[in-house]
Amino acid sequence: MKDVMNYSLDQLDGKQLNTCDLQSGLIERCESARRKKLKDLSASEIRTLIGQAISLQYIVPLGLHYLETDLLYSGNLYTGDLLVSILDVPSEFWLNNPHLNNRLVEILISVEEIYQTLSGEVIPKIPSFTFMKV
């Protein structure tokens with residue numbers, strides 16, 4: 001993956017988005033992200049590209065990298081939005097990319113472990129805490 005990080009999606013795919021004459025904020029964000037080097041893409045741009053199923057073979061590994069660092073990484077919509085976008089990637093992609101599927105499964109195992117800890121140990125204790133006058 002290191003060797004592709006200095007290229008843009010336009011360079012890697014050898015094409016540009018076919019956007020017709022329509023312009024919208026979403027199309028402009030996708031076009032702008034496609035022109036950036038992969039190493040310069042933000043989590044928000046990665047989430048947007050994944051959500052639009054653009055160049056998933058290059059973008060999903062970047063998203064997985066963010067999630068391996070922080071399971072609930074935010075792509076600027078809400079906490080965990082990057083994970084939700086990745087979970088919406090079509091199953092055909094995962095079938096064709098088992099190594100990426102396995103990375104996602106490892107992430108999901110961690111999510112499950114955290115959920116069990118939160119639901120069993122943390123959430124039951126929350127009601128005993130409230131704001132105090134300082």
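Highest mean packing comes first when the peptides 95-103, 53-61 are listed by Cβ atoms within 10 Å, giving 53-61, 95-103. Convex hull volume of the C-alpha atoms in segment 66-134, normalised per residue: 125 Å³. Peptide packing: for 67-75, 104-112, the average count of neighbouring Cβ atoms within 10 Å per residue gives the ranking 67-75, 104-112, highest mean first. With neighbour counts taken as other beta-carbon atoms within 10 Å, the residues Arg47, Arg29 rank, fewest first, as Arg29, Arg47. Between the helical axis of 25-35 and the longest alpha-carbon principal axis of the chain there is an angle of about 70 degrees. Determine the calculated [θ] at 222 nm for the chain from helices alone, applying -39500 (n - 2.57) to every DSSP H run no shorter than 4 residues and normalising by the residue count; nearest 500 deg cm²/dmol. Computed mean residue ellipticity for the chain: -16000 deg cm²/dmol. Each of Asp81, Asp40 was scored by other Cβ atoms within 10 Å of its Cβ. Arranged with the fewest first, they read Asp40, Asp81. Taking every lysine pair in the chain that is 8 or more places apart or spans two chains, those with Cα atoms closer than 15 Å amount to 4.
The Cβ shell under 15 Å around Tyr66 holds other residues with a net charge of -3, Lys and Arg each +1, Asp and Glu each -1. Restricting the calculation to Cα atoms, the chain shows an Rg/Rh of 1.09 when the hydrodynamic-style radius is the Kirkwood one.
Here, each number is a calculation from the coordinates, and none is a lab measurement. Quantities reported herein were computed from a predicted structural model and do not represent experimental measurements. Cβ coordinates were reconstructed from backbone atoms using ideal geometry, including for glycine residues, and neighbour counts include every protein chain displayed.
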